[in-house]
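K.L.:
Structure in C-alpha cells, see below.
The values are calculated or read from the model by the stated rules, or taken from the named source; none is laboratory data. Just so it is clear, the structure is predicted and the values come from calculations on it, not from any experiment. So basically every Cβ, Gly included, is an ideal-geometry build from the backbone, and we count neighbours across all protein chains shown.
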Amino acid sequence: MRRTTIALLAALEAAVSALIGLGVVLVPLLVVWAVHFGLAVDAAAFFRAAADLWLLGHGVDLVLQLDPVTAERMALPGAGDPFPITITLLGFALASVAVGRRIGRRSAAAGHSITGSVSAIVVYALVGAVLGLAAGSEAASASLWQAIVLPAFVMAIGVVIGAVLETLREANLGDLAGGWVRDRLDELPPAGVDAVRRAARIGGAAAFGVLGVAAVLVAALIAVDYATIAGLSQSLGAGVDGGILLTVVELAFIPNFVIWASAWLLGPGFAIGAGTTVAPGGTVLGPIPGVPLLGALPGDAPMLGVLWLLVPVVLGFAGAWFVLGRESASVASTEARGDVGSEPWWYPVAVGAGAGVVAGIVMGLLAWWSGGAAGPGRLAVVGPDPWAVALVAAATVGVGAIAGGVTAWMRLRQPSHEYAAR
C-alpha cells in the first residue's frame, strides 16, 4: 500500500476516533440542553463542557471556577476559589490507545509504520489544540500546551505499541522503522535480549493479571452494591437525560476504579480525599463526592484481608513457571529440554527480578495516571500512591517470579541428573 494512502487512512481513523469520543459526551449534553433548558441556553456552553471532558479524558488539567451558589453548597474549603482538576477519565484515553494500536499495527504491516503513526499523532495534536482554544471560559479553562501535547501522547502510546508488536510478530522488510529495530536487536547479545523478553512477558502478564482480577472484583462490588449505587443516582435528581450523561462519565471512570482496585489488591490502597484510605487492612472515609459509583466502595475490613497480597505473588509464580518452564512440557528428549535448565542458577533469579521491575513500572505508571485532584480542599488528593503501588507490585511479583523461575529451572535440570545416573 502506498505511503500517501497509509497516511490518509491513519489520519481519517484518528479523526473519526476523536470525533466519536467527543460525541459520546456531547450528545447527552445536548439532550440535557434540550430537555432541561428548553434550548434557551447558549449551546456553545455545552460544546465547551464536552470538549473539557474529552481533554480531561486525555490527561489535560482543567482549572474550574464555581459560581458562589454552587461553591456554598459544596461546603468545602477553597470551593469559591479557582481549583485544578487533574484526575483523568481513563475510559477516553483507553479508547484512543486502542485505536492507535490498530493504526500502528496496520501501518507496520503495510511497511510504513512511521508515516501512519506520525499522521495519527499530528491529527490528535490538532484536535487537542482546536478543543483547547474553543473550550476556554471563565468557568473552566484548559492548559493549551497540554491540550496539544497530551492527546497526541496518548495516541503515540497506542501507535508505538501496535507498530512494535507487529514488527516483533512478523518481519516486514519494507518497513524502515521495523528494520532499524530488528537491526539494533541483532547487535545485542541474544541471551540478554531473550532474558529481557522473558522478564517483560512475565512482568507484563502479572501486572495485567492483577488488573484482570481487580476488574472482576469491581464487577462483583457493583453487582452486590447495585441498590446503593441506584439509590445515590436517584438522590441526585438528574432525570433520564442527566442520568445518561452521568452514566457516560461513570463508564469513562471505570478504568480508574479498576486501577484503584488493583492498588487495593496490592495493599497500599487508595484515597478519596486527604486523610482517607481504602485498603485491605480497613477503610477510613470522610464525606465523599456524590458519585453513585463510589457507593461500591468497601466499608469494613474485607474478607481475607491482607491475603489478597497473594494474588500478585501467585501470578508472578505462574508466569515464570509458564515462560521459563514450558519447554519441559513440549520437548520429550532430555538433551533438548530448553535452555533454562542449562543456564546458571542466577538466570531465573535475574529474570524474576526483572519481571518484578516491569510489573512495578506498569502498575506505578497506571496508579499515577489514574489519580489526581478531583475538587477543592481535601479532594485535591484522590487515588493511589504511585510509588507505594510500584514498590509493592515489584516486590510481590518479583518474589513470585523468582520462586516460579527457580522451580522451573530445578525441574528442567532434574531429568538430566536422572539420565546421567543411569
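K.L.:
Is there any pair with a first residue in the stretch 251-278 that is assigned by TED's automatic domain parsing to the domain that holds VAL397 and a second that is part of a helix (DSSP H, G or I) and among the polar types (S, T, N, Q) whose Cβ atoms are under 8 Å apart and which are 6 or more apart or on different chains, and what are they?
P.N.:
PRO255/SER370; ASN256/SER370; ILE259/SER370; TRP260/SER370; LEU266/THR396
K.L.:
So which of LEU185, LEU126 is modelled with pLDDT of 95 or more and either within 30 Å of PHE317 (Cβ to Cβ) or among the aliphatic types (A, V, I, L, M) (or both)?
P.N.:
Working: LEU185 fails: modelled with pLDDT of 95 or more.
Of the residues listed, the single one that is modelled with pLDDT of 95 or more and either within 30 Å of PHE317 (Cβ to Cβ) or among the aliphatic types (A, V, I, L, M) (or both) is LEU126.
K.L.:
For a quick check of your reading of the model, give me the residue pairs whose first member lies in the stretch 134-153 and is within 20 Å of SER117 (Cβ to Cβ), whose second is of a type in the set (S, T, N, Q), with beta-carbon atoms closer than 8 Å and at least 6 apart or on different chains.
P.N.:
Short answer, once both residue conditions are applied: PRO151/SER96.
K.L.:
Which condition number in (1) more than 17 Å from the chain's Cα centre (by Cα); (2) without any contact (Cβ under 8 Å) to a residue 24 or more places away in the chain is the one that ALA408 fails?
P.N.:
Failed condition: (2).
K.L.:
Is at least one residue of the stretch 77-84 among the aliphatic types (A, V, I, L, M), modelled with pLDDT under 75 and more than 27 Å from GLY371 (Cβ to Cβ)?
P.N.:
So far as the stretch 77-84 goes, no, none of its residues is among the aliphatic types (A, V, I, L, M), modelled with pLDDT under 75 and more than 27 Å from GLY371 (Cβ to Cβ).
K.L.:
Take the stretch 130-157 and flag every residue that is surrounded by fewer than 22 Cβ atoms within 10 Å (Cβ to Cβ) and closer than 14 Å to LEU22 by Cβ.
P.N.:
VAL130, ALA134
K.L.:
Sticking with this structure for a sec: More than 18 Å from the chain's Cα centre (by Cα), crowded, with 20+ Cβ neighbours inside 10 Å, modelled with pLDDT under 85 and small (Gly, Ala, Ser): does that describe SER113? Spell out how you get there, then give the answer.
P.N.:
Values: more than 18 Å from the chain's Cα centre (by Cα): yes; crowded, with 20+ Cβ neighbours inside 10 Å: yes; modelled with pLDDT under 85: yes; small (Gly, Ala, Ser): yes.
The answer is yes for SER113.
K.L.:
What about VAL69, is it on the phi < 0 side of the Ramachandran plot, at pLDDT 75 or above and out of contact with any helix residue (DSSP H, G or I) (no Cβ under 6 Å at 6 or more places or on another chain)? Write out each step before concluding.
P.N.:
Details: on the phi < 0 side of the Ramachandran plot: yes; at pLDDT 75 or above: no; out of contact with any helix residue (DSSP H, G or I) (no Cβ under 6 Å at 6 or more places or on another chain): yes.
Spelling it out, it is not the case that VAL69 is on the phi < 0 side of the Ramachandran plot, at pLDDT 75 or above and out of contact with any helix residue (DSSP H, G or I) (no Cβ under 6 Å at 6 or more places or on another chain).
K.L.:
Here's a follow-up. Given (1) modelled with pLDDT of 70 or more; (2) surrounded by fewer than 19 Cβ atoms within 10 Å (Cβ to Cβ), where does GLY316 come up short, assuming only one miss?
P.N.:
Tallying (1) modelled with pLDDT of 70 or more; (2) surrounded by fewer than 19 Cβ atoms within 10 Å (Cβ to Cβ), GLY316 fails exactly one: (2).
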